[in-house]
1. Kirkwood Rh over alpha-carbon pairs of segment 214-335, then Stokes-Einstein at 10 °C and 1.306 mPa s: what D in µm² s⁻¹, rounded to an integer?
2. For the chain, go through all pairs of different Cα atoms, get the mean of 1/r, take its inverse, and jot down that Kirkwood value in Å.
3. Any idea what the dipole of segment 153-210 comes to, in debye rounded to 20, about its Cα centre with Lys/Arg Cβ at +1 and Asp/Glu Cβ at -1?
4. Starting from the Cα of S83, step 7 Å along the direction of its Cβ; do the same at S131; then give the gap between the two resulting points in nm.
5. Quickly rank 222-230, 268-276 as a protection proxy: mean count of other C-beta atoms within 10 Å, highest first.
6. So how far, in whole Å, is the C-alpha centre of segment 22-73 from the one of segment 194-234?
7. Taking amide hydrogens as modeled 1.01 Å from N in the peptide plane, which residues meet the under 5 Å criterion relative to I77, leaving out close sequence neighbours?
8. Calculate the dipole size of the chain relative to its Cα centre from +1 charges on Lys and Arg beta carbons and -1 charges on Asp and Glu beta carbons; express the result in debye to the nearest 20.
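The values are calculated or read from the model by the stated rules, or taken from the named source; none is laboratory data. Note that the coordinates shown come from a computational prediction; the quantities given were computed from them, not determined experimentally. As a convention, Cβ positions derive from the backbone with ideal geometry for all residues, glycine included, and neighbour counts pool all protein chains shown. Side chains included, ligands, DNA and RNA excluded: accessible areas come from the protein's heavy atoms. Shrake-Rupley method; radii C 1.70, N 1.55, O 1.52, S 1.80 Å.
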Amino acid sequence: LFQAFCPGKKDMTAELVNVMEFQELAKKVLPKMYYDYFSGGAEDEHTLRENVEAFRRITFQPRILIDVSKVNLSSTILGYNISAPIIIAPTGMLKLAHPEGEVATARAAALCNTIMVMSSSSTCTIEEVASSCDAIRFFQLYVYRRRDVSYQLVQRAERYGFKAIVLTADTPRLGRRERDIKNKMVPPNLKILEGLLSVELDPEEEGSKLENFAAKTLDPSLNWKDVEWLKSITNLPILIKGVLTAEDARKAVEVGVAGIIVSNHGARQLDYVPASISVLEEVTVVEAVKGEVPVLLDGGIRRGTDVFKALALGAQAVLIGRPMVYGLAAKGEYGVTRVIEMLRDELELTMALTGCGSLKDITRSHVRTERDGL
Ligand code: FNR
């Protein structure tokens, strides 16, 4: 596959055997300011570490002597068939990782037969991404003070064949990301907003220009009633991203969303919220949610074993943010493809070694968590 992308060249990623090694390569190839933007989290980065560490504390209870000569990873989300329950999380500003940005990511999603959630903070336009390939695409929405801008984005997404709207609900303001503040991070041209929204940023203003941009544009008054507004302007199913409590999961079901994404925004918003995997069980056991709408999870997925653990605790699928970005930074579309394939292969092996021939065989009793008194 590599030769199809880069004929005659040596594959620098051939020797990389896991996502963490892609991260190391990304750190080498990216300017510090951009690597910090992608990899960093809010304040003390406690939740950032915890998102990964909480997975490490979950162990397996494998079953033996089960025929796993065939292991089937294929999955569906909102009725769309995908090759494995691993989809691409919305991450902004992907041209800072690779010149082809969101288009390269969409193409990788198409190659891997999975879903890409395109960010509202994209450096490519909706039209560019839609016309680049036939990947199944969802659109992540930020609601702006200028509601007409969000309205336009939703209309375009719908017109260009996006299949769902993912409403990010944990960002009334941007979290305090100290790496960006120190680096005086400046947002690149968000081409997706061209002709819709332009903001004058004062060059004299200190700190992260990203924070200033967000403060000027994002609508902090966004509330549950606005989900009705969103429903009134689109026929697409709506997923809510950023749910961390049973209470909010129940509210989301009550307002009629098509799915819930348990997420702490990759630990970039409020520091000291629990790891998303730590709250997943609480959210999924709520009667109101169980079975009524799919529950997805993101945050800290770095291994196929992590994907398995999330599924065992009730997620229908997971989203990957940084792992995709590291693949993109390392080798564009091909790098993203490698990362997804790696996680897929690791999940397949985990299923074989736990005695699960298909996703529906994965149960709560295949994992042990702190709740089990361990
Ligand atoms: C994000 N995330 C994010 N979420 C969102 O709803 N809209 C966005 O524009 C962005 N942008 C963004 C940029 C970068 C660089 C990162 C790392 C993350 C959050 C993202 O969708 C997801 O919740 C996390 O990335 C999941 O955690 P991991 O997989 O990065 O650990």
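1. 102
2. The Cα-based Kirkwood calculation yields 20.9 Å.
3. Working: 11 positive and 10 negative charges, 77 e Å.
Charge dipole of segment 153-210: 380 debye, to the nearest 20.
4. A separation of 2.7 nm, rounded to one decimal place.
5. Ranked from most to least packed, the peptides come out as 268-276, 222-230.
6. That distance is 30 Å.
7. Those lying under 5 Å, H to H, from I77 are I82.
8. That gives the chain a dipole magnitude of about 460 debye.
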